Amino acid sequence: MKPIIDIHEHVFRGEDIPLKGFLLSRKYEWYISLFAPILFAVIAECVRREKAQKRGFICGLVLELVYKYMGQGYRNWADILSIKEVADVALRMIETFDKDGIELYVPLMIDYEYWFKSTQEPSIAYQIDAVYRDIVLPYKGKIHPFAPFDPARELAHRAKLPGPDYPDDGPPEKYSSLELVKDAIRNKGFIGVKIYNTLGYRPLGNALVDNERRRIFRDNKMKRYIDFTGEQFDQVLSELYEFCVQEQVPITAHCVSNGVEAYPGASFDFGNPVFWQEVLDRFPDLRLNLGHFGWSHPDGYYPKAHWRRIINQSILRIQKTVKMRSYRALTEPSRAGGEKTWVREICEMLVRYRHLFADVAHHGVVEDKDIEKYKAAYKAICADFPGAIRKRLLFGIDWHVITRVANYQNFKDKYVEVLKDGDLFTDDEVDDFLGGNALHFLGLLPLDTKPEDGWTGNRKRLQSFYEANQIEPPAWFTSTA
Ligand SMILES: [Zn+2]
């Protein structure tokens, strides 16, 4: 029996992230940009206010305009982001997906503070503790999160520089990001690390993007972090990878070009999956999951329609010539630029690196108009890369970010429909996708597994964690021992 494991979702509240800074980092029509600073301050404040009925007239009105502009789905998301207690966010997740038989949820925590214009949030240490106390312990083995790592926070801590909320003469950054990660893994029931390259750092090789990274700090009025060098970023990241290999801790990296990023197009400077190759060459035992499979658009894989790429290439060439590299062109250079798409790039890497995985979080399979495209794409992938994905594809929904999409509740059924189409995946391979592969990625294999056959680190840690906290090990845990 293989358990069903959702490897990728989120439980943060609006209060936990620099919402206003994030909104300010995006590109908008001129009439919105004009009012952006005030508008986004109001929106952020309103979203953080609990429950629609308590928001008051102004907030109600502003948010209605936002939904009109962005789409009605944002209403669902804003309501979840407004929830006051993180335990209630988790409860909402479980109530939504228990129908899918999910036995283990793996929420990914995020640490955005150093990469967007700053506003006051509860400290990341407080957030980790709240998740431990209010979610991990009470849910007794049903929820085991990933802890966030931020190399900028680590460097600020080492240089004794103040955190983003403080002036230059403020108190030094209190928390070592690496120590927070280690403590969460060793003592708090966390089972992995989340990395977010599109915020402004590569997995390694950061000297090549010194200018781009420094521009982020300058634009966000955090000039004191400009002195950090690419080598220093590589150094703290290497220390993280060493720890992860030594203690058998998996990493999930955000890997898609149209999600959260430091500035429009930053994904391409920092987030391309090929940047991970150096890490996987240097740390061949590392278990890495490239979140979202690098797949941002239903046509992302190009099952056929070669001609379309040729047309897109010509369009880009013309755009470059007349110097109008529009945001659209920037967001889809792999489609328009004739380079390999990220999905294809990852497929090639899956062949080359045996401990690399990819999760399917947030793919647009719940939309009827797109599901056929995913079916065609998977057929093409399985033909182009025989045997490459069946043992490496991981199930994840990306709740609550996905609540903006209609019918997101059907994500699991729709994804299974895609993979089973034309008997592409057998029942057993579907079970691997839904949880069997995750046991390998997470290092939850039985304790007598030989080291060359896989990791058992998290099984060992969770066993002691359950004992120490008098938690009866859940069925998914004992049935896979
Ligand atoms: Zn996500």
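The values are calculated or read from the model by the stated rules, or taken from the named source; none is laboratory data. Here the structure is a predicted model, which means the values were calculated and not measured. For neighbour counting, all protein chains shown are included, and Cβ atoms are generated from backbone atoms with ideal geometry for every residue, glycine included. These area figures cover heavy atoms from the full protein model, side chains too; ligands, DNA and RNA do not enter into them. Shrake-Rupley method; radii C 1.70, N 1.55, O 1.52, S 1.80 Å.
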If you check every pair at least six apart or on different chains, which have Cβ atoms under 9 Å apart with a residue in the range 202-221 that is at positive phi first and a residue that is of a type in the set (Gly, Ala, Ser) and surrounded by 16 or more Cβ atoms within 10 Å (Cβ to Cβ) second?
205/230; 221/118
Going by what's in this entry, would residue 402 be described as closer than 26 Å to residue 351 by Cα, in contact (Cβ under 8 Å) with a residue 40 or more places away in the chain and buried (at least 18 other Cβ atoms within 10 Å of the Cβ)?
no
Of all the residues that make up the range 418-435, how many are in contact (Cβ under 8 Å) with a residue 12 or more places away in the chain and closer than 11 Å to residue 375 by Cβ?
5
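Would a scan of the range 388-408 turn up a residue that is more than 16 Å from the ligand (Cβ to nearest atom), in a strand (DSSP E or B) and among the hydrophobic types (A, V, I, L, M, F, W, C)?
yes
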Tell me which residues, restricted to the range 97-112, are among the hydroxyl-bearing types (Ser, Thr, Tyr) and at pLDDT 95 or above.
105
Are any of the residues in the range 422-431 surrounded by 12 or more Cβ atoms within 10 Å (Cβ to Cβ) and under 21 Å from residue 191 (Cβ atoms)?
yes
Inspect all residues belonging to the range 178-192 and state whether any of them is within 16 Å of the ligand (Cβ to nearest atom), under 30 Å from residue 445 (Cβ atoms) and among the basic types (Lys, Arg).
no
Scanning the range 142-155 residue by residue, the ones that are in a loop (DSSP other than H, G, I, E, B), over 17 Å from the mean Cα position of the chain (by Cα) and surrounded by 22 or more Cβ atoms within 10 Å (Cβ to Cβ) total 0
Can you say whether residue 268 is over 27 Å from residue 379 (Cβ atoms) and either touching a helix residue (DSSP H, G or I) at 6+ places or on another chain (Cβ under 8 Å) or part of a helix (DSSP H, G or I) (or both), as far as the supplied structure shows?
yes
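Just a yes or no: is a residue in the range 165-177 open to solvent by less than 10 Å² (accessible area, probe 1.4 Å) and touching a Phe, Trp or Tyr at 6+ places or on another chain (Cβ under 7 Å)?
Looking for residues that are open to solvent by less than 10 Å² (accessible area, probe 1.4 Å) and touching a Phe, Trp or Tyr at 6+ places or on another chain (Cβ under 7 Å), one finds at least one in the range 165-177, hence yes.
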So which of 287, 214 ends up being more than 20 Å from residue 443 (Cβ to Cβ), basic (Lys, Arg), more than 16 Å from the ligand (Cβ to nearest atom) and more than 15 Å from the chain's Cα centre (by Cα)?
214
Residue count for the range 129-141, restricted to those that are open to solvent by less than 10 Å² (accessible area, probe 1.4 Å) and touching a residue at least 60 places away in the same chain (Cβ under 8 Å):
3
Name the residue that is nearest to the ligand (Cβ to nearest atom), counting only residues in the range 374-387 that are of a type outside the set (A, V, I, L, M, F, W, C) and open to solvent by less than 40 Å² (accessible area, probe 1.4 Å).
374
How many of the residues in the range 409-438 are closer than 17 Å to residue 100 by Cα, away from the ligand (no atom under 16 Å from the Cβ) and of a type outside the set (D, E, K, R)?
10
State the number of residues belonging to the range 240-265 that are polar (S, T, N, Q) and out of contact with any helix residue (DSSP H, G or I) (no Cβ under 7 Å at 6 or more places or on another chain).
2
Write out, first by first residue and then by second, each pair whose Cβ atoms fall under 6 Å of each other, whose residues are 6+ apart or on separate chains, and whose first residue, in the range 84-105, is under 19 Å from residue 401 (Cβ atoms) while the second is among the small types (Gly, Ala, Ser) and surrounded by 15 or more Cβ atoms within 10 Å (Cβ to Cβ).
86/130
Residues of the range 181-209 classified as open to solvent by 30 Å² or more (accessible area, probe 1.4 Å) and either farther than 30 Å from residue 462 by Cβ or touching a Pro at 6+ places or on another chain (Cβ under 6 Å) (or both), total:
3
Considering only the range 1-30, state which residues are within 15 Å of the ligand (Cβ to nearest atom), open to solvent by less than 20 Å² (accessible area, probe 1.4 Å) and assigned to a loop (DSSP other than H, G, I, E, B).
10, 11, 17
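Tell me, which residue of the range 449-471 that is in a helix (DSSP H, G or I) and open to solvent by 100 Å² or more (accessible area, probe 1.4 Å) is farthest from residue 141 (Cα to Cα)?
Looking at the filtered set, the residue picked out is 452.
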Look through 33, 82 and report the one residue that is away from the ligand (no atom under 16 Å from the Cβ) and closer than 27 Å to residue 291 by Cα.
82
Residue that is farthest from residue 221 (Cα to Cα), among those in the range 247-267 that are surrounded by fewer than 20 Cβ atoms within 10 Å (Cβ to Cβ) and more than 16 Å from the ligand (Cβ to nearest atom):
247
